[in-house]
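Coordinate-derived values only; no laboratory data. Bear in mind the structure is a predicted one, so any value in this text is a computation, not a measurement. Note: ideal-geometry Cβ built from the backbone for every residue, glycine included; neighbour counts use all protein chains shown.
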Amino acid sequence: MTTPVAGTRRLGERGPEVSALGVGTWALGGPFTVDGRDAGWGEVDDDVSIAALHAAFDAGVTLVDSAALYGCGHSERVVGRALTALPPARRDQVVVATKFGNTMDEETRTGTGQDVSRASVRAECAGSLRRLGVEAIGLFQLHGGAGSPAQAEDVVATLTELIDEGSVLAFGTAQDEPYVVEAFAASPHCRSIQSQANVFGWDPAVLDAAHRHGLAVLARSPLAMGLLSGKYTAERRPAPGDVRLDTPWWDYFDEGAMQDWLARLDRVRELLTVGGRSLVQGSLAYLWALDPVVVPLPGIRTPAQAVENAGALAQGPLPADVADEVTRLLADSPGRRAA
């Protein structure tokens with residue numbers, strides 16, 4: 001394996017070299033609902049979204065992460081438009097990652113459940129290829145729906161068929177239960193595990209599995225759903241219709257919990273902004289210091305956000321002693337899982 005240049009990482013031991021920072025596109029999908037709840041980040045302007053993606057690519061980002069569920073196909077279509085506007089040589093430098101397993105209705109913009117049957121996975125692959133406008137998906141990731149080891153193994157078998165046919169170049173899992181990770185990691189085509197990781201917490205078992213199997217860890221919610229941007233306070237929360245106000249997965253913006261998260265952020269604010277970094281940049285730099293297999297996937301909505309995120313690449317990881325102090329000061333975080 002060749003040594004990646006500064007500001008890049010390998011997408012697993014067998015994977016391509018990508019920027020050490022990816023870009024997440026959940027927020028670019030616009031409004032949609034799952035189980036009757038808002039699941040998007042509010043209204044979007046597609047032209048602004050495309051400009052934001054181009055700003056990320058111009059700043060050196062070469063990994064873009066989407067999912068069929070985001071906006072019920074809309075995020076993938078926006079990514080496809082952004083890629084199509086690039087010159088072919090630039091477009092070929094971008095590794096396109098997307099996800100399957102959470103089914104949806106594009107017309108009503110609603111999530112419809114989960115299905116990882118062979119027929120559904122193949123249909124989802126075809127749909128994502130069409131919306132993204134690519135000949136092959138660089139990284140096809142399980143979003144959810146594998147309820148047993150046997151089911152996870154069946155998904156791997158279907159993904160292997162898609163690789164043999166040339167529709168998919170590699171795969172990973174964003175469903176990070178150990179039995180899923182082990183089933184996927186048994187294949188030489190697996191490149192990554194996607195799991196939540198930020199200064200407040202991560203799963204040590206995921207990092208351990210990544211090292212044992214030579215995989216990358218794609219860090220979702222590296223900015224704690226935007227709380228680590230520093231723009232939110234107990235009085236300034238996301239606008240109505242934003243998934244962050246009513247979600248079973250995070251409580252960063254919940255009444256009663258948000259104040260505690262903000263207090264934890266205040267403990268480490270000065271450390272994260274060392275060396276002239278913004279709070280966002282320091283939060284991303286912490287993850288690089290945490291473990292070299294981690295590739296954060298911060299979301300974007302505007303070109304300015306894309307540029308700020310990518311600015312972290314120039315300074316690299318936080319100094320080890322600073323990162324260690326951040327870890328110590330947040331040892332009581334409920335986001336931390338036992339090793």
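What the table shows:
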quantity	calculated
Neighbour-count ranking [beta-carbon atoms within 10 angstrom, fewest first] of 125, 72	125, 72
Tail fraction, Cα-Cα pairs, the range 96-139, threshold 16 Å, whole percent	37
Highest to lowest packing among 263-276, 13-26, 221-234, scored as the average C-beta count within 10 Å	13-26, 221-234, 263-276
Other-chain or far-sequence residues with amide H under 5 Å of residue 34's (modelled H)	39, 111
At most 12 other Cβ within 10 Å, DSSP loop - GluC sites (Glu not before Pro), the range 45-126	107
Dipole moment magnitude, nearest 20 debye, the chain about Cα centre, only Lys, Arg, Asp, Glu C-beta charged	640
P(r) histogram, all alpha-carbon pairs of the range 1-134 included - 10 Å bins from 0, percent	13, 40, 33, 14, 1
Inter-label distance for residue 117 and residue 151, nm, one decimal - labels placed 7 Å from Cα along Cα-to-Cβ	1.3
Sorted by Cβ density within 10 Å, fewest first, the residues 120, 192	120, 192
Neighbourhood charge, 9 Å Cβ-Cβ cut-off, centred on residue 24 and excluding it, Lys, Arg +1 and Asp, Glu -1	0
Along each principal axis, Cα extent of the range 183-270, largest first, Å	49, 32, 18
Simple label model, 7 Å out from Cα along Cβ direction - residue 205 to residue 58, nm	4.4
Coordinate range along principal axes, alpha carbons of the range 137-293, Å, largest first	51, 36, 26
q = 0.12, 0.15, 0.21, 0.23 Å⁻¹: log10 I(q)/I(0) that the Debye formula gives for the range 62-137, counting C-alpha atoms only	-0.32, -0.48, -0.87, -1.01
Taking the C-alpha atoms of the chain, convex hull volume expressed per residue in Å³	128
Ascending count of other beta-carbon atoms within 10 Å, so fewest first, for 143, 54	54, 143
Of all DSSP beta bridges in the chain, antiparallel share, percent nearest 5	30
